[in-house]
Amino acid sequence: MMRSAIIIGGGPAGLSAARTLVRAGHDDVLVLERNPEAGGLPRFAAHPGWGMLDFHRLWSGPTYARKLVAAARGAEIRTNTTVTALLPGGGVEVSGPGGMERLWAHTVLLAAGIREMPRGARLLSGTRPWGVLGTGAFQELVYAGGVRPFQQPVILGTELVAFSALLTARHAGIRPVAMLEEAPRITARRPGDWIAHHLLGVPVRTATRLVAIEGGARVEAVRVEQAGRQERIACDGVILSGRFVPEAALVRAGPLQFDAATGGPAIDNHFRCTDPAFFAAGNVLRPVEHSGAAALEGIAAARAMAQALAGTLPAPAQGIPVQAQGGLRYVYPQRLLPGDAPIRLCARASGEKRGRLRVLADGEVVQERRLHALPDRRITLTLPAAVLRGVRSLSVELA
Amino acid sequence: MNADAPAYDMAIIGAGVVGCAIFREFSLAGLRVALVERGADILSGASKANSALLHTGFDAIPGSLEAACMREGHARYQALHQGLGLPLLRTGAIVVAWSPADLAALPGIVARAHDNGVLDVRQISAEDVRTREPHLADDLLGGVLVPGEAVIDAWSAPLAYARQGLAMGGTFLPNTRVTGGSQAEAGWTLQTSQGPLSASVVVNCAGNQGDAVEAIARPSPFEIRPRKGQFVVLDKTAYPLASAIILPVPNERTKGVVICRTAYGNLLVGPTAEEQQDRENATVDQAMLEGLLAQGRRMIPALAAEPVTTTYAGLRPATQFKDYQIEALPQRRWITVGGIRSTGLTGSLGIAAHLHRLYAQHFGPLPTPADPVLTPVPNLTEEHPRPWQRPGRDEIVCHCEMVTRGEIAAALQGPLPAGDLGGLKRRTRCMMGRCQGFYCTWRVMEIAAPHVPGLVTPIQGSSA
């Protein structure tokens, strides 16, 4: 059976896309979710902070996840079903309770989300004891399991998710002994550090590098370095946050072009991958946006999919390649198909930098503005359609 | 039975790969054997972290005991692996020459291999190497092909040996640290953290504690000088970048940095070779790991784009001697198996056969063995079907390595259940994939926590 749409991943992006497609009149949308229930990562962050962008409400993560599932009514959500391969032309190979099978659709959306980079991939030094966890694993232990893996961890990283870990720790009666940040200032918007220090009593240490993890069976301490001086901080766990990796293994192993800079599939400005049956949205596109932003992308991608199903989406084409240059880590969409509407680009700086953000079309500056970029903060820019007419290649730089 | 008779015919101190292989050997031969391990599980020391290769012994010192044990171990593993459900990737190896000096050393490598009886080893041209391994850097100058080198699994092999020993009536005693002992006419009474243990013959294969345990019987003739090896495991997408095991031209101290596949579909780069005093902790070090990756990229440039899955380090029980330190002391009713360096995984079944002969020579004939019971271990490789592929499968808990709830539950039960989280990971591969537990830690804990105490504690007032 050839469906209208298969959506890989039942988190904010995937469920929002499903809702959008159902409302557009498609009654054969299938969401594939590998976990026993849909909802995605917000399921395990039981403090408020979800729903603002897409539902205009302030909910806890689990409530938001339930609302997303409820709003996708009309789509079939198949849980406990893992996609094991992408097949050219709109197919997926899945392992489900019924065994292995191949499913096909006119459009397939990748919305597999994101995870944190584990200690091995960070090449962290030291021993390898129990008690070194990503924020996601930590929150699931606390909120789903009702257990705590440690009492006095250090938290590595200071972006938004690290503060979410701090709130989770407070909920579980865990007292983090420090938050560590290599950069000279915290990544999350102020006053995160003030909140951490004054409301939660956790010292935030910037310009501090984790040198090594110590301990036998369990974490016993971390060694840190600040201004050339090393120090041992006793602790019984380490929460790793702040370095995210799109869950794009299917793309790296599959028929779609992969962008090493974003860590996700390369898309055009219609969220379309290099195989035009595949689309991608949400945090699988790049590290990391809040779930509300991922949900909005899911909606936008679903609209493009609906257009593709109706035959009204511009035909796939090579398009104008977009490149990130000096000072920028990545930019996407990676290919632009100009039409009548303005096109939005998203980028991220390599680190904190004050400079000028420039868009160059075939080497000519077509847009420029002053920018104070912070690491892990999204940079967006909108290009009027006229700017792209007749252009062969585009680059964006922060210089 | 005489009340003073020892409880066991043989006590083996140390449940590394060598201890497990010896346990299997003598249990099959009809002895009452105890495998005594200070850790909570088998493979708590040196054997848990190595390169998982089955060597031919082509580069061993000709005439050495190590060479003989490797040759016999290599042959016995090939004969045994199917019955025990153990993987064998017949990848072969290529020693690659990257410099004129390397190239000049190749004929000597071939000659030594032939001295060691590995007769299919031959030098091949740079062109031939490139055809076989198109991802290697262009500036290679030639190579030596070693068809018999293979990739196996360092964890399931000893597990299968230990389980077969148990099935034949052997006893595994985890969490049992040997602290001393006294010899009487009938044998030994060992002092352990779990009380006294009597055995007619004691086998010391205590790995990195080998010299300390040897001191129970005599002043140790060897000194353990731990040698650390660090490794980087690359993502499964890197697997196609090398088909054979890529070896450098070795120097006196080490075989150098190897690139090879793993039985689970990853690509491995390592090891380093670092002397250290500490016998317990094998730490990884960022600068060394970056050095390994740089060396890997030097050999296979495409590795630069591959993500790291994880890193690890192992301690190899080297001594001041190059060869294994294996000796039977009939008067002391003691057998020493020391200094089994990085070749222990390959050599273990050969060492066990060697001990069998030593025992028969010095301690009298062995009883008539019963028919061997085969105890295949669950398949963890993609070579053969796994539970996640079968209709009616239960929930996949670990999404990276595709481990089902049933596989995890099974590893916590049965004749040799996982003794700690490391043991569970080694038996199932849960939490060992690219996310390293980001997605599955709670679900694994949910199943494992009742069996493996001390990992998590309930939050007071929590309903869950």
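So how do A:Thr208, A:Thr262 line up by other beta-carbon neighbours within 10 Å, fewest first? Present the calculation step by step, with values, prior to reporting the outcome.
Details: A:Thr208 21, A:Thr262 24.
Fewest-to-most Cβ neighbours within 10 Å comes out as A:Thr208, A:Thr262.
What does DSSP give for the protein assembly as shown in terms of the percent of beta bridges that are antiparallel, rounded to the nearest 5? If I count the DSSP bridges inside the protein assembly as shown, around 65 percent turn out antiparallel. Using Cβ point charges alone (K and R +1, D and E -1), the dipole size of chain B about the Cα centre works out to roughly 480 debye. For B:Ile12, the residues 5 or more places off, or on other chains, whose built amide H falls under 5 Å of its own are B:Ala34, B:Leu35, B:Val36, B:Val203.
Quick one: if the Förster radius is 51 Å, what FRET efficiency do B:Asp4 and B:Ala111 give, using the C-beta to C-beta distance and rounding to 0.05?
Calculated transfer efficiency: 0.35.
Here is the list for region A:16-120: trypsin sites (Lys or Arg not before Pro) lying in DSSP coil, each with at most 13 other C-beta atoms within 10 angstrom of its C-beta, are A:Arg57. For region B:42-47, the Karplus equation 6.51 cos²θ - 1.76 cosθ + 1.60, evaluated at θ = phi - 60°, returns couplings of 5, 6, 8, x, 4, 6 Hz by residue, with Gly and Pro reported as x. When B:Val18, A:Val245 are arranged by Cβ crowding within 10 Å, least crowded first, meaning fewest neighbours, the order is A:Val245, B:Val18. Checking the a/c ratio against 1.5 first, then a/b against b/c, what shape does the Cα gyration tensor give for chain B? It comes out oblate by the Cα gyration axes. Would you mind telling me the antiparallel percentage of the DSSP bridges in chain A, rounded to 5? Taking every DSSP beta bridge within chain A, about 60 percent pair in antiparallel fashion.
Count Lys and Arg as plus one, Asp and Glu as minus one, and take only other residues whose Cβ is under 14 Å from that of B:His114; the net charge is then 0.
Per the Kirkwood definition applied to all pairs of different Cα atoms, how many angstroms is the hydrodynamic radius of region B:15-118? Present the calculation step by step, with values, prior to reporting the outcome.
On the way: mean 1/r = 0.0612 Å⁻¹.
Evaluated over region B:15-118, this radius sits at 16.4 Å.
Across chain A, Cα pairs under 8 Å and at least six residues apart give a relative contact order of 15 percent. Taking a ≥ b ≥ c as the square roots of the Cα gyration tensor eigenvalues, chain A comes out oblate, since a/c reaches at least 1.5 and a/b does not exceed b/c.
For chain A, the residue among A:Val331, A:Cys235, A:Thr84 whose Cα projects farthest onto the positive side of the dipole built from Cβ charges is A:Cys235.
Helical runs (DSSP H, four residues minimum) scored at -39500 (n - 2.57) apiece and divided by the length of chain B put the mean residue ellipticity at 222 nm at -8000 deg cm²/dmol. Bridging of B:Lys255 to aspartates and glutamates at a Cα separation below 12 Å is possible for B:Asp59, once same-chain residues fewer than 8 apart are set aside.
For region A:154-170 versus region B:47-69, the spacing of their alpha-carbon centroids is 48 Å. Under 14 Å from a point 7 Å along the Cα-to-Cβ line of A:Gln325: which residues of region A:348-382 have their amide N that close? From region A:348-382, the list is A:356-368.
Specify whether the C-alpha gyration tensor of region A:118-241 places it in the rounded, prolate or oblate class, a ≥ b ≥ c being the square roots of the eigenvalues: rounded for a/c under 1.5, otherwise prolate if a/b is larger than b/c and oblate if not. Taking the square roots of the gyration eigenvalues as a ≥ b ≥ c, region A:118-241 is oblate. Restricting region B:282-352 to trypsin sites (Lys or Arg not before Pro) that sit in a DSSP loop and have at most 13 other Cβ atoms within 10 Å of their own Cβ leaves B:Lys322. Toward the positive end of the charge dipole of the protein assembly as shown, with +1 on the Cβ of Lys and Arg and -1 on the Cβ of Asp and Glu, the farthest Cα among A:Leu398, B:Leu293, A:Val177 is that of A:Leu398.
The distance from the alpha carbon centre of region A:351-395 to that of region B:306-347 is 59 Å, rounded to a whole number. Once backbone amide H atoms are built at 1.01 Å from N, A:Arg218 has A:Trp130 as its partners under 5 Å, excluding neighbours fewer than 5 places away on the same chain.
Between B:His356 and A:Arg223, the modelled label-to-label distance comes to 4.7 nm, taking each label 7 Å out from Cα in the direction of the beta carbon. Cross-link pairs exceeding 25 Å between alpha carbons, from the set B:Lys48/B:Lys236; B:Lys48/B:Lys322; A:Lys353/B:Lys236; B:Lys228/B:Lys322: A:Lys353/B:Lys236.
Ranking B:Ala242, B:Ala282, B:Val269 by how far each Cα lies toward the positive end of the dipole of region B:219-289 (charges on Cβ) leaves B:Ala242 at the top.
I need the GluC sites (Glu not before Pro) found in region B:210-275, filtered to DSSP loop residues with at most 11 other beta carbons within 10 Å of theirs.
Details: sites: B:Glu214, B:Glu223, B:Glu252, B:Glu274, B:Glu275; in loops: B:Glu223, B:Glu252.
Filter output for region B:210-275: B:Glu252.
Phi angles across region A:175-184 convert, under the Karplus curve 6.51 cos²θ - 1.76 cosθ + 1.60 with θ = phi - 60°, into 3J(HN,Hα) values of 10, x, 8, 6, 10, 10, 9, 5, 6, x Hz, Gly and Pro given as x. With the largest listed first and rounded to whole Å, the semi-axes of the equivalent ellipsoid of region A:319-399 from the Cα gyration tensor are 21, 12, 11.
Sorted ascending by nearby beta carbons within 10 Å, beginning with the fewest, A:Thr79, B:Thr310, A:Thr107 become A:Thr79, B:Thr310, A:Thr107.
In whole Hz, what ³J(HN,Hα) sequence does region A:346-354 give by Karplus (6.51, -1.76, 1.60; θ = phi - 60°), x for Gly and Pro? In residue order, the calculated couplings are 10, 9, 9, 7, 6, x, 5, 7, 9 Hz. Partners of A:Lys67 within straight-line reach, counting lysines whose Cα lies under 21 Å from its Cα and excluding those fewer than 8 residues away in the same chain: none found.
Near the amide H of A:Asp259, within less than 5 Å, lie the amide hydrogens of A:Gly264, A:Ala266, all on another chain or at least 5 residues away, with H placed in the peptide plane. Using only Cα atoms, locate the centre of region A:73-146 and the centre of region A:7-47, then give the distance between them in Å, rounded to an integer. The two parts, judged by their Cα centres, are 13 Å apart.
Coordinate-derived values only; no laboratory data. Every value quoted in this text rests on a predicted model; they were computed, and no experiment measured them. Quick reminder, even Gly has a Cβ in these numbers, built from the backbone with ideal geometry, and neighbours come from all protein chains shown.
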